[in-house]
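The values are calculated or read from the model by the stated rules, or taken from the named source; none is laboratory data. Predicted model, so just to flag it, every value in this text is computed and none were measured. No Cβ is skipped: glycine too gets one built from the backbone with ideal geometry, and neighbour counts run over all protein chains shown. Please note that ligands, DNA and RNA were not included when accessible areas were found on the heavy atoms of the full protein model with its side chains. Shrake-Rupley method; radii C 1.70, N 1.55, O 1.52, S 1.80 Å.
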Amino acid sequence: MVILVIVIGFLYALPNLYGEDPAVQISGTRGSEVTEAQLVQVRNLLEKEQIAYRSVAVEDGLALVRLLNNADQLPTQDLITKALGSDFIVALNLAPATPAWLNAIGAGPLKLGLDLRGGVHFLMEVDMQAALAKAQQGMVQDFRSSLREEKIRYSGVREARDGVEIRFRDQETLDKAMSFLKRQHRNYTFTESSSADQLAIIANMSEDNLAETREYAIAQNITILRNRVNQLGVAEPVVQRQGSERIVIQLPGVQDTARAKEILGATATLEFRMVDADADTRDAVAGRVPAGSELAKRQDGSPVVLKKQVILTGDHIVGAQSGFDEYSRPQVNISLDAAGGSKMAAFTKDNVGEPMATLFVEYKPTGKKDSEGRGLLERHEEVINVATIQSRLGRSFRITGIDNAAEAHNLALLLRAGALIAPIQIVEERTIGPSLGQENIDKGFKAILYGLLALLVFMPLYYKKFGLVANFALIVNVGIIIGVMSMIPGATLTLPGMAGIVLTVGMAVDANVLIFERIREEMLEGRSPQHAIQQGYSNALSTIADANITTLITAIILFSIGTGAVKGFAVTLAIGIATSMFTAIIGTRMLVNWLWGGKRLEQLSI
Amino acid sequence: MYFSLFNPKGVVPFMSHRKPFVILSILIVLASFASLAINKINWGLDFTGGTLIEAEFSKPADLTQVREILTDKGFDDVVVQFFGSSTQVMLRMMPREGENSELLGDQIMQVLRDGTGDDVTMRRIEFVGPTVGKELAEQGGLAIIAALGCIMLYVALRFEWRMALGAVLALAHDVIATLGLFSLLGIEFDLTVVAALLTVVGYSLNDTIVVSDRIRENFRKLRKGSPEEIIDTSLTQTFNRTIVTSLTTIMVLISLFFLGGEMIHSFATALLFGVIIGTHSSIYVSSTLALALGVKKEDFMPKEIEEKEGADQEPLV
């Protein structure tokens, strides 16, 4: 049993010795996949440029190009990006060089935390206020159209402080509307709030609906952030929800944080709107904006009058590519989802020949804080494009009349980034440069090594042969900790985690110290060596258990409250406690029995 | 015979000369409180919020020049200091009102590169928003209190309430003393230090439990003897183990302290000091308190049904 555990532990720790190959990974963007054709293309390319590579193959659904030299990584990435074009994402990676037979049993090296690998950690907060405000705007439009369809005359629908207010001229209509709305919109609550001069219904979102909206805002943000992260071309990114309003993003190996933030933090939405062609722009600038329209500005600052009604928001966009039309003029091809397509078709069929504007809405932090100390975001609008509707548009259409290719590319990127219901902002960032990561690994490794060596020297000096037994247990313990950490999928090694290993190494001998001291005591009391060993082990057992359980309690608390690095420490500590109990009690017992068991002993080397 | 650090002839009367040690403990706690009140704690970025940048220059950096460059560009509240070596510089600033603080790190790196003409490389940027900082501080405090509570409960169930109270007060003593040291030396107190404090709690408790375990055993085993004598006997018996374990732990911690690098320096400091103070407290604070609370033989005698030692534990294999 003991030997089996040790063998398994070491087997799974083994991949850590093989190191990693510098690699370039290739993955297809939406819809395209890496096939044998691309692999052949890449191989030919590498041979032509005389770049030495270990292998080019598809591994776990990703095409991996393993290289021999670190220095080749960047040039290879450039080369492949150019050759394969924009349908593929080419990212730098470090691929574990684990032999196939170890891979086959599911063994792989330890996953390193960002503080050891280098990379960026972001914590983003979703602005729920904005999400709810947007939902309320949706309610206003919903009520208007459904009341109109039902031919119930209302005198106004507007957003009020405590919900959406629908006003009526007489009580009879109000009652009719009330029963209709209650039937039609089950996910809202309606209450009558009429005063002497005003007949009105206040509509609110129900609790379920509120929760759903929040949930959706988070889920949508996560999806969009994932897409954006994929655009960055990062190997093994993490985009994860944390708590009710936050999202964690981890980008290992990213060095250009400014660009990452630009792409991630662009809390942008898009709206397609009609240009109010009847309005006089000069009048509008002077303040006389027609009802139902508003003034917006282009990138160069020139004014455009837009109708307030939004034809379509950017969350219906599923794809946008820049390219060239048949006269090689730059253009952007846009595809919409089904709902977006039918909305667009319904609208454009009556408006052929009219100009349509693409409005880019961005939320920027203002630096001001609300009462809860959260940053307030400000809405910036900019018309990025005005195009004439040439025909009835459907699920896919194109925008032409763009000045140059770079602008087309930019527009496509903006469109593709999709639209967020709720703006997000970065509330925490931790960036570790790659050099510091490597340094941390080296230092942590050195600390473990020297700490271990000191103990390995000390124990035999103090406990003689039994000290050697303890040393054996200690080495086995470190091996098993690394093996278990490599085995558990969620466990990552962080710098505090390495400190945790150092600490467990120090504390692991405690169990042996307890046992050996106890054996010495029993000997002093005049028991025979065999009896003393027996008694020593059994008497020390309950003490060891008590002591370790309390440490385990702290490890669990650390794990449950801690974030990132602290969690890593808690994991190693907990694993270390479990493995050290095993090796120090059961492991050494086996060895002691094997060495001294069944013999008549006069003395013990302890 | 074997070599031993400590080879007592008979029982060492720990308890009879406990006075100076108890006074020492009281002094340490009082001094810690005084230092906490006067010097406060140098809260790290995790708790205050703000931005921290670690930059590496290709040649030894001139801090005065760096400060001037930053002041020129309007970053006048930046704390600039060396970090580990003369080419590595740490910059820290508090959260600013009315600015896009998440971009601050990159802006400052750019200012440094332009200003010094040196190819300054970024080693680390950390930005923590003020709300997050507040939350982290609350969580950290909560964790320590929760840990102490859980441990007290466990010890009270396993042993006896007087021992539990003694053990937990000993732990509080260690935590307060470590906090005092941090405030006295002005070492930065960040999240990893909270982890270290919790580990100290776990470690010191480990020591205390071993002693308490022996006290319980001896109360049951030895017919004669006052509580004081029994505690003395127990402390004497476990003394070698206490010292050896502390020694081995301190050995690896010293390795961590000197070789582990700047990022876990505060962490190693907290542990190193905590282990030393924890050794002291497990001998003097917890047993003295239990004794003062009037622990006696009857408290440990098994009730009616003879309970087998360790029978209430799950089997280990």
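For (1) modelled with pLDDT under 80; (2) touching a Ser or Thr at 6+ places or on another chain (Cβ under 8 Å); (3) more than 14 Å from chain B (Cβ to nearest Cβ), each residue gets a yes or a no:
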residue	(1), (2), (3)
A:L11	yes, no, yes
A:P15	yes, yes, yes
A:E47	no, no, yes
A:I51	no, yes, yes
A:E59	yes, no, yes
A:V65	no, yes, yes
A:D87	yes, yes, yes
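Does the stretch B:138-148 contain any residue that is modelled with pLDDT under 85 and either more than 26 Å from the chain's Cα centre (by Cα) or farther than 30 Å from B:T288 by Cβ (or both)? Yes; the residues of the stretch B:138-148 include at least one that is modelled with pLDDT under 85 and either more than 26 Å from the chain's Cα centre (by Cα) or farther than 30 Å from B:T288 by Cβ (or both). Screening A:F143 on (1) assigned to a helix (DSSP H, G or I); (2) open to solvent by 50 Å² or more (accessible area, probe 1.4 Å) shows it passes everything except condition (2).
Residues in the stretch B:124-142 that are assigned to a helix (DSSP H, G or I), small (G, A, S) and touching a helix residue (DSSP H, G or I) at 6+ places or on another chain (Cβ under 8 Å): how many? Count: 3. In the set (1) open to solvent by 10 Å² or more (accessible area, probe 1.4 Å); (2) at pLDDT 80 or above, A:L306 fails one condition alone, (1).
Looking at B:L293, B:L235, B:L289, just one residue is surrounded by fewer than 17 Cβ atoms within 10 Å (Cβ to Cβ) and away from chain A (no Cβ under 11 Å), and that residue is B:L293.
Quick grid of which residues meet (1) open to solvent by less than 20 Å² (accessible area, probe 1.4 Å); (2) farther than 23 Å from A:I8 by Cβ; (3) under 46 Å from the mean Cα position of the chain (by Cα); (4) at the interface with another protein chain (Cβ under 10 Å from one of its Cβ atoms):
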| site | (1), (2), (3), (4) |
| --- | --- |
| A:I549 | no, yes, yes, yes |
| A:I553 | no, yes, yes, yes |
| A:L558 | yes, yes, yes, yes |
| A:V571 | no, no, yes, no |
| A:S580 | yes, no, yes, no |
| A:T583 | yes, no, yes, no |
| A:L591 | no, no, no, no |
| A:G597 | no, yes, no, no |
| A:Q603 | no, yes, no, yes |
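The residues of the stretch A:148-169 that are in contact (Cβ under 8 Å) with a residue 24 or more places away in the chain and over 15 Å from A:I202 (Cβ atoms), listed by number, are A:E150, A:I152, A:R169.
Of all the numbered requirements in (1) facing another protein chain (nearest Cβ under 10 Å); (2) free of Cβ contacts under 8 Å to residues at least 60 places away in the same chain; (3) farther than 23 Å from B:F14 by Cβ, B:A156 misses one, and that requirement is (1).
Taking strands (runs of 3 or more DSSP E) as the structural unit, those lying wholly within the stretch B:24-123 and holding at least 2 residues that are closer than 29 Å to B:L179 by Cα and open to solvent by 30 Å² or more (accessible area, probe 1.4 Å) correspond to B:79-83, B:85-93. Flag: A:A511 matches the condition of being more than 9 Å from chain B (Cβ to nearest Cβ) and under 49 Å from the mean Cα position of the chain (by Cα). Residues in the stretch B:202-225 that are open to solvent by 50 Å² or more (accessible area, probe 1.4 Å) and at pLDDT 80 or above: B:R220, B:K221. For the stretch A:382-395, a residue qualifies if it is at pLDDT below 80 and open to solvent by 70 Å² or more (accessible area, probe 1.4 Å), and exactly one does: A:R395. Exactly one residue among A:A95, A:A133, A:A100 is small (G, A, S) and in contact (Cβ under 8 Å) with a residue 40 or more places away in the chain, and that residue is A:A95. For B:V252, state whether it is more than 9 Å from every other protein chain (Cβ to nearest Cβ), among the β-branched types (V, I, T) and crowded, with 24+ Cβ neighbours inside 10 Å. In short, no. For the stretch B:200-238, residues that are more than 24 Å from A:F569 (Cα to Cα) and within 20 Å of the chain's Cα centre (by Cα) total 1.
Please work out if A:A200 is hydrophobic (A, V, I, L, M, F, W, C) and assigned to a strand (DSSP E or B). Yes: the conditions hold for A:A200. For B:I264, the stated conditions hold: it is in contact (Cβ under 8 Å) with a residue 40 or more places away in the chain, closer than 28 Å to B:R123 by Cβ and open to solvent by less than 10 Å² (accessible area, probe 1.4 Å). Looking across the stretch B:267-276 at every residue that is open to solvent by 10 Å² or more (accessible area, probe 1.4 Å) and of a type outside the set (S, T, N, Q), the one that is nearest to the other protein chains (Cβ to nearest Cβ) is identified as B:L272.
Among the candidates A:A406, A:A419, A:A412, the residue that is at pLDDT below 80, touching a His at 6+ places or on another chain (Cβ under 9 Å), at negative phi and more than 9 Å from chain B (Cβ to nearest Cβ) is uniquely A:A419.
Considering each residue of the stretch A:91-112, count those that are assigned to a helix (DSSP H, G or I) and either under 24 Å from the mean Cα position of the chain (by Cα) or surrounded by 15 or more Cβ atoms within 10 Å (Cβ to Cβ) (or both), and give that number. Spell out how you get there, then give the answer.
As a first pass, look at the stretch A:91-112 and keep what is assigned to a helix (DSSP H, G or I): A:100-104.
Restricting the remaining residues to those that are either under 24 Å from the mean Cα position of the chain (by Cα) or surrounded by 15 or more Cβ atoms within 10 Å (Cβ to Cβ) (or both) gives A:102.
Within the stretch A:91-112, residues that are assigned to a helix (DSSP H, G or I) and either under 24 Å from the mean Cα position of the chain (by Cα) or surrounded by 15 or more Cβ atoms within 10 Å (Cβ to Cβ) (or both) number 1.
Among the residues of the stretch A:515-541, those identified as open to solvent by 10 Å² or more (accessible area, probe 1.4 Å), of a type outside the set (D, E) and over 20 Å from A:L595 (Cα atoms) are A:L524, A:G526, A:N539, A:L541.
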